[in-house]
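What follows is one structure encoded as structure tokens, with my remarks underneath.
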Amino acid sequence: MRLEEFKMERPGQAEIGKEYPVIEKSTTAFYYYILMPAIAMSGNYSLGQRIKSDHGIVRDIKQDPRGYFVYVEFDE
């Protein structure tokens, strides 16, 4: 099990306990992930940190002064 943080810009777009597809994007230096349908985006990951699963389950959503954060669990 692996828990990763995604940044969500607006509240109410994701539901705790629901499974969402995740797509991988890459640049020459790093990888990042988007919780579909364009709900939230991850930070940057190096090659050794890549997420191998194509879907995940939302386990928690938190708000702080920087915005909304979605915590997604992956089977890895």
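The values are calculated or read from the model by the stated rules, or taken from the named source; none is laboratory data. Since this is a predicted model, take the numbers as computed values, not measurements. Methodologically, a virtual Cβ is constructed for each residue, glycine included, from the backbone with ideal geometry; neighbour enumeration extends over all protein chains shown. These accessible areas exclude ligands, DNA and RNA; they are computed on the full protein's heavy atoms, side chains included. Shrake-Rupley method; radii C 1.70, N 1.55, O 1.52, S 1.80 Å.
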Legend entry - Matching entry among Tyr68, Tyr20 (being in a strand (DSSP E or B), at pLDDT 95 or above, under 19 Å from Met1 (Cα atoms) and among the aromatic types (Phe, Trp, Tyr)): Tyr20
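Of all residues in the stretch 14-24, count the ones that are open to solvent by 60 Å² or more (accessible area, probe 1.4 Å) and more than 12 Å from the chain's Cα centre (by Cα). Steps first, please.
Start the filter on the stretch 14-24 by keeping residues that are open to solvent by 60 Å² or more (accessible area, probe 1.4 Å), which leaves 15-16, 18-19, 21, 23-24.
If we keep only those that are more than 12 Å from the chain's Cα centre (by Cα) as well, we get 15-16, 18.
Final tally of qualifying residues: 3.
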Inset, instruction - Among the residues of the stretch 34-61, write down those that are in contact (Cβ under 8 Å) with a residue 12 or more places away in the chain, open to solvent by 80 Å² or more (accessible area, probe 1.4 Å) and under 11 Å from Ala14 (Cβ atoms). - result: Arg59
Inset, instruction - Identify the single condition in (1) in a strand (DSSP E or B); (2) without any contact (Cβ under 8 Å) to a residue 24 or more places away in the chain; (3) open to solvent by 70 Å² or more (accessible area, probe 1.4 Å) that Thr28 does not satisfy, given that it satisfies every other one. - result: (1)
